[in-house]
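Chemist: The structure under discussion is supplied below as structure tokens; questions concerning it will follow.
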Amino acid sequence: MSEPEPADFRLHPSCVTDLNRPRFDADWQRRAFGLAVALSEFGHYPWQDFQRELITAIGGWEETPVDARDRWEYYEHWVAALHQVVARHGMLEDGYVNPEDRDEHPEPVAEPASPAPAGGR
Amino acid sequence: MTAQFGYPEDREQRSAAQVRALEALLIEKGVIGSGTVDKVLGYFESEMTPVNGQKIVARAWTDPAFAQLLATDTPAAVAELDLPLGMAGAEGEHLAAVLNEPGVHNLVICTLCSCFPWPVLGLPPYWYKDPVFRARAAREPRAVLGELGVPLDPDTEVRVWDASGHSRWFVVPERPAGTDGMSEAELAALVTTESMIGVGLADAPTPA
């Protein structure tokens with residue numbers, strides 16, 4: 001694993017401030033964060049699955065020689081992990097069934113009053 | 001933005017387009033609703049904040065029995081406080097507090113990626129995820145703490161806690177001097193996010 005010499009070490013300006021709310025450098029980072037959390041929260045994958053992809057993406061960057069890799073950008077790895085976990089769970093494929101519509105969670109049989117709104121949340 | 005953390009515009013645009021396209025596709029396929037991400041973000045930004053951690057720390061400062069329980073069974077202690085915890089799947093489980101004490105300073109890092117105790121600290125600051133910070137804090141925590149302006153007695157032991165999927169550490173800093181008689185709410189206001197990561201101390205009270 002290669003890493004910059006300590007002489008290159010500088011702290012981000014936010015290090016000396018007290019962040020009292022989530023903060024992102026750009027809105028797409030916030031959307032990417034929210035997407036990953038939302039999909040996990042609504043049962044499309046266990047959070048650990050996303051985390052594994054994130055660790056893999058970051059690990060790949062860290063193992064790449066310094067002169068052969070892009071500059072560090074945490075949320076690029078986040079987006080890569082998000083694409084991976086979405087693909088692995090087949091979420092964009094035809095026939096993907098949302099967790100709440102799967103049979104593996106038997107529920108009392110009741111007449112549906114109306115079709116469930118697509119992803120209605 | 002410094003050059004080290006700046007972000008080339010084309011990469012920025014590419015990433016933004018990717019995220020936009022993915023969310024649109026997921027909505028189109030009915031996997032999520034059009035308001036799902038906003039709803040989750042709204043909950044996160046209003047409820048999953050360091051205010052929760054501040055309340056936990058202030059209670060630990062004023063209630064020794066609570067502090068004891070916090071150290072031995074963090075989830076049980078946190079459950080006593082009626083905080084808006086939730087979203088357990090997103091790293092809310094496995095909270096684990098480590099308490100600073102005279103001669104012991106705790107520092108939380110995550111060498112793998114970003115296993116942060118969101119429910120009590122909100123989102124991690126940017127630098128927390130920086131690979132240089134992670135590597136250096138693990139290798140030479142005392143030097144890093146010095147650069148961050150944390151006063152450390154030479155005899156103080158520095159304990160580094162590496163967050164993982166199973167343990168999301170947060171630090172209970174020492175109660176500052178001169179805070180006798182302060183209410184829990186007043187005490188909570190002294191608890192910085194940095195102090196709960198271990199890269200800072202709790203604020204000293206403002207002289208009345």
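Chemist: Consider region A:32-89. How many of its residues are small (G, A, S) and in contact with a Leu (Cβ under 9 Å, 6 or more places away or on another chain)? Step through it out loud before you land on a result.
Modeler: Within region A:32-89, the first condition is being small (G, A, S), and the residues that meet it are A:32, A:34, A:36, A:38, A:40, A:43, A:57, A:59-60, A:68, A:80-81, A:87.
Still in the list and also in contact with a Leu (Cβ under 9 Å, 6 or more places away or on another chain): A:32, A:34, A:36, A:38, A:59, A:80-81.
Looking only at that region, the number is 7.
Chemist: Now, a different point. Tell me the residue from B:E157, B:E91, B:E147 that is on the phi > 0 side of the Ramachandran plot and either among the charged types (D, E, K, R) or modelled with pLDDT under 90 (or both), please. Outline the logic, then answer.
Modeler: Values: B:E157 fails: on the phi > 0 side of the Ramachandran plot; B:E147 fails: on the phi > 0 side of the Ramachandran plot.
Within the list B:E157, B:E91, B:E147, the selection yields B:E91.
Chemist: Something else about it: Report yes if B:D180 is out of contact with any helix residue (DSSP H, G or I) (no Cβ under 9 Å at 6 or more places or on another chain) and surrounded by fewer than 18 Cβ atoms within 10 Å (Cβ to Cβ), otherwise no. Steps first, please.
Modeler: Details: out of contact with any helix residue (DSSP H, G or I) (no Cβ under 9 Å at 6 or more places or on another chain): yes; surrounded by fewer than 18 Cβ atoms within 10 Å (Cβ to Cβ): yes.
Criteria met by B:D180.
The values are calculated or read from the model by the stated rules, or taken from the named source; none is laboratory data. Predicted model only: the values in this text are computed from it and were never measured. Neighbour counts are summed over all protein chains in view; Cβ atoms, including those assigned to glycine, are modelled from backbone coordinates with ideal geometry.
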